[in-house]
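Undergrad: Here it is, the structure, as structure tokens.
The values are calculated or read from the model by the stated rules, or taken from the named source; none is laboratory data. Everything numeric in this text was worked out from a predicted model, so none of it was measured. Here the Cβ positions follow ideal geometry from the backbone for every residue, glycine too, while neighbour counts run over all protein chains shown.
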């Protein structure tokens, strides 16, 4: 993308040359527009909440060769699953929480799961997902994050390639707030396993292109974009969130760190997940939303103000994730960060 105005690198969306190093921007087939019935919202019962928790906690390994579940693995050890298939809502009375196009589970080297796909307290949060909250298109609001509003959704479109070390897929962001389904963004993900002797490391490269006739406006808001949701076992004070600046979930909220660590206990052992935002990302270092009671955070560039994703100008983001057992010291994370920031130039 070529900018026509003088803006700082912090406020300028990444250049197209970045994505060309990693993703070939192939056209996405035009979607078939379908009508969907509105469903009546109902409060979760205690039995549904319990069933949801059991289903998510006991996530089995994905079957090899299953086209609906794409795996990265290190030898025989599963690293993550990308869900290409549509997974229905655990609550049949709220079917709009069903989702495809997200990563869950993410596993540590010992196999412990450090994400959650449909947490009973926030059924609209799905492991690692990317969705805008405060969007405006064609003069009306579209929230792609909060499924209960039934204004927008993000879904898997096509698998480009899938192997143990790399997954490439297409997704789309669809406006459902008006009659029919209108595609607003076309997105590509490249998910790549990074070899490491003691932790599970992978990169996520996202490129979003606006295909609406007018720009997608992202309004200032306190959360949205790249989301990381941890297990329900980490609710309340059962999780620790620490930024690379040493700030906790209170002091670190809306700060601009290089990375965030979220950790707690799973199956009587300490483990966690780190998310790093690349210094070439839009408005880097990006602000973070660290939730005060839930085990989730997100990199949210709209915290500092409005911006647009214009037709034909890809919005490119790159993140690195580290799933670990036990504890990780700052020195090891510094080394992983240095490799992450250097790798774009290889």
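Undergrad: How many residues does the stretch 86-131 hold that are modelled with pLDDT of 95 or more, crowded, with 22+ Cβ neighbours inside 10 Å and in a loop (DSSP other than H, G, I, E, B)?
TA: Total meeting the criteria: 4.
Undergrad: Here's another thing I want to ask about it. Quick one: which of 152, 164 is at pLDDT below 95 and either within 15 Å of the chain's Cα centre (by Cα) or buried (at least 22 other Cβ atoms within 10 Å of the Cβ) (or both)?
TA: Values: 164 fails: either within 15 Å of the chain's Cα centre (by Cα) or buried (at least 22 other Cβ atoms within 10 Å of the Cβ) (or both).
That would be 152, the only listed residue that is at pLDDT below 95 and either within 15 Å of the chain's Cα centre (by Cα) or buried (at least 22 other Cβ atoms within 10 Å of the Cβ) (or both).
Undergrad: Show the residue pairs meeting these rules: Cβ distance below 8 Å; 6+ apart or different chains; first residue within the stretch 176-192 and on the phi > 0 side of the Ramachandran plot; second residue surrounded by fewer than 18 Cβ atoms within 10 Å (Cβ to Cβ) and part of a loop (DSSP other than H, G, I, E, B).
TA: From the stretch 176-192, the pairs are 180/33; 180/34; 180/35.
Undergrad: Quick one: would you say residue 331 is part of a strand (DSSP E or B) and either modelled with pLDDT of 95 or more or exposed (fewer than 15 other Cβ atoms within 10 Å of the Cβ) (or both)?
TA: No: the conditions fail for residue 331.
Undergrad: Out of all the residues in the stretch 304-311, is one or more surrounded by 20 or more Cβ atoms within 10 Å (Cβ to Cβ), within 17 Å of the chain's Cα centre (by Cα), closer than 19 Å to residue 215 by Cα and at pLDDT 95 or above?
TA: no
Undergrad: Now a separate question. Filter the stretch 292-315 for residues that are part of a loop (DSSP other than H, G, I, E, B), out of contact with any helix residue (DSSP H, G or I) (no Cβ under 9 Å at 6 or more places or on another chain), under 27 Å from residue 329 (Cα atoms) and touching a residue at least 60 places away in the same chain (Cβ under 8 Å) and give the result. Before you say what the answer is, go through the steps one by one.
TA: Filtering the stretch 292-315 for residues part of a loop (DSSP other than H, G, I, E, B) gives 292-295, 300, 305-306, 310, 312-314.
Still in the running and out of contact with any helix residue (DSSP H, G or I) (no Cβ under 9 Å at 6 or more places or on another chain): 292, 300, 306, 310, 312.
Filter once more, keeping what is under 27 Å from residue 329 (Cα atoms): 292, 300.
Within the stretch 292-315, just 300 meets the criteria.
Undergrad: Taking the condition touching a residue at least 12 places away in the same chain (Cβ under 8 Å) and surrounded by fewer than 23 Cβ atoms within 10 Å (Cβ to Cβ), does residue 265 pass? Can you show your working first?
TA: On the way: touching a residue at least 12 places away in the same chain (Cβ under 8 Å): yes; surrounded by fewer than 23 Cβ atoms within 10 Å (Cβ to Cβ): yes.
In short, yes.
Undergrad: Tell me the residue from 252, 236, 272, 264 that is touching a strand residue (DSSP E or B) at 6+ places or on another chain (Cβ under 8 Å) and farther than 18 Å from residue 200 by Cβ, please.
TA: Sole residue among the options that is touching a strand residue (DSSP E or B) at 6+ places or on another chain (Cβ under 8 Å) and farther than 18 Å from residue 200 by Cβ: 252.
Undergrad: So which residues in the stretch 232-243 are part of a strand (DSSP E or B) and touching a residue at least 40 places away in the same chain (Cβ under 8 Å), if there are any at all? So that I can check it myself, show each step before the final result.
TA: As a first pass, look at the stretch 232-243 and keep what is part of a strand (DSSP E or B): 239-243.
Those that are part of a strand (DSSP E or B) and touching a residue at least 40 places away in the same chain (Cβ under 8 Å): 239, 241, 243.
One line per residue, one yes/no per condition, for (1) under 17 Å from the mean Cα position of the chain (by Cα); (2) over 22 Å from residue 304 (Cα atoms); (3) buried (at least 22 other Cβ atoms within 10 Å of the Cβ):
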position: 180; (1), (2), (3): no, yes, no
position: 183; (1), (2), (3): no, yes, no
position: 192; (1), (2), (3): yes, yes, no
position: 238; (1), (2), (3): no, yes, no
position: 246; (1), (2), (3): no, no, no
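Undergrad: Does the stretch 209-232 contain at least one residue that is more than 18 Å from the chain's Cα centre (by Cα), under 28 Å from residue 337 (Cα atoms) and surrounded by fewer than 19 Cβ atoms within 10 Å (Cβ to Cβ)? Show your work before the answer.
TA: Filtering the stretch 209-232 for residues more than 18 Å from the chain's Cα centre (by Cα) gives 210-217, 219-220.
Next, only the ones that are under 28 Å from residue 337 (Cα atoms) stay: none.
Within the stretch 209-232 (the criterion being more than 18 Å from the chain's Cα centre (by Cα), under 28 Å from residue 337 (Cα atoms) and surrounded by fewer than 19 Cβ atoms within 10 Å (Cβ to Cβ)), the answer is no, since none of the residues qualifies.
Undergrad: Residue 78 is checked against (1) part of a loop (DSSP other than H, G, I, E, B); (2) surrounded by fewer than 24 Cβ atoms within 10 Å (Cβ to Cβ); (3) at pLDDT 95 or above and fails just one. What number does that condition carry?
TA: (1)
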